[in-house]
1. Quick check on region 78-219: take the gyration tensor over C-alpha atoms, sort the square-rooted eigenvalues as a ≥ b ≥ c, and tell me if it's rounded (a/c under 1.5), prolate or oblate.
2. At 1.4 Å probe size, with the rest of the protein present, what percent of the exposed accessible area of the chain is carbon and sulfur atoms?
3. Mind ordering 129-142, 40-53, 302-315, 386-399 by average Cβ neighbours within 10 Å, highest first?
4. Please find the FRET efficiency linking Ser271 to Ser79, where r is the Cβ-Cβ separation and R0 is fixed at 25 Å, and quote it to the nearest 0.05.
5. So how much slack lies between Lys64 and Asp160, counting 0.36 nm per residue of separation and subtracting their Cα-Cα distance, in nm?
6. Restrict the search to region 154-228; then list the GluC sites (Glu not before Pro) that DSSP places in a loop and that have at most 16 other Cβ atoms within 10 Å of their Cβ.
7. For the chain, can you list the cysteines whose C-beta has no other cysteine C-beta under 4.7 Å from it?
8. In degrees from 0 to 90, rounded to the nearest 10, what is the angle of the helix 11-22 Cα long axis to the longest principal axis of the chain?
Amino acid sequence: MMKVAVLGAGVAGVAAAYYLWRDGHQVVVLDRQSGAARETSFGNAGGLCPSFAGPWAAPGMIGKVLKMALQKEAPIRFSFTPNPRKLAWLARWMGNCTAERFRANKLRMQRVAHYSNACLQDLAAAGLPVEFDYHRDGTLQVFRSQSDLKVVKGITQALDEYEVPWRLLDGEEARALEPALAASRAPIAGALYLPRDGSGDSHKFATGLAAYLAQQGVVFRYNTPVAALVKAADRVQGIRIEGQAELFTADAYVVALGPQTPFLLRPLGLSLPIYPLKGYSITARIDDPARAPRAALMDEYNKVMISRLGDRVRAAGMAELKGYGLAVDPGRVTFLKGVVREWFPEGVSIEDAQAWAGLRPMTPDGPAILGKTRYANLYLNCGHGSNGWTQACGTGKIVADIVSGRQPEVDLDGLTADRYA
């Protein structure tokens, strides 16, 4: 048994803490916030969508991003501020927007996502007192026009390659599958139904699992900002915590700090190309369950996902490459409300919706960064991008296996920091 420090109490860090605790380790989780899942994991889309898992870097994406930037309510925005880290990230990202690189990265992300989905189902069936509005009603990827349907052939070919089941529906069939669409004002030229997908609240999952683990002896040290990792030869000697003179020490250290990870690791000579993409969400109360969606709905034109979380509906989307600011843009909130009203004009109390903005820790190629570093007792669980909730249980299990000296059940090719060496 080892003493393992997990840095970060987001959904990825808490999931890793669970598997490390299950392996018999003494686990301590440190986080700068006052509780679990208060940052990136707080208000994400809620979709548990292994079928969608794939890199942002894709063929044609460079042109698509430039075209979207000209739209009035562009799903993607970026600033031209000449920040060296951002420019370096963009250069790497553009280098991955080829068919060959996309296929390799998509396969890697699919490998982790479907493994993670199995891990989450096992955890949900384990009888733990963790309620997180989990349900498996699939995802409807909805296309508004015939021209939008042109991408379906490429999508379904990829789904077939990754052995993901799907059904192509016309508008009438989509409304029959999701009766809440009966009142929709949005046109439906067609829809892809992905039955394996589900939805759940990552914040409720992380806080519930953290509370359970605390009862089992896992220590959660909140309001504990990590200032630095102190090295000694080829090992991490300890953690310097802001305002404390004494080092916090452990036998092993797992870094799951989302967008903040590169800042902590750079002084150790570890350079990770993780940069934040800002996203937005709104969460609204359901007034009439019969008129609210069951399946998650992906509005392909607006790049907005709408999912049901118990007695609430969440809509999330946007991607802003503008740095680390967390201010909520009222225009983005208004846009999300308009999208929900268009699809589900009845049954959802949209005016009272809670708005949120968060940062997705993106790698330029797509896959998360997992496992060992050049330091013998330092491990990574970071760079999950917009797939953190979908991949958290799988990456937590993978990293716990590595820390415990076991061979992970998933091939690590393309999933470690070595790919950036």
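1. oblate
2. Here carbon and sulfur together make up 51 percent of the probe-accessible area.
3. Answer by packing, highest mean first, reads 386-399, 40-53, 302-315, 129-142.
4. Once rounded, the FRET efficiency stands at 0.65.
5. Between Lys64 and Asp160, full extension yields an extra 32.1 nm.
6. Answer in residue order: Glu163.
7. Cys49, Cys97, Cys382
8. For helix 11-22, the angle is close to 50 degrees.
The values are calculated or read from the model by the stated rules, or taken from the named source; none is laboratory data. Owing to the predicted nature of the structure, the values given are computational and were not obtained by experimental measurement. Note that each Cβ is placed from the backbone with ideal geometry, even for glycine, and that neighbours are counted across all protein chains shown. Surface accessibility is based on the protein's heavy atoms, side chains included, excluding ligands, DNA and RNA. Shrake-Rupley method; radii C 1.70, N 1.55, O 1.52, S 1.80 Å.
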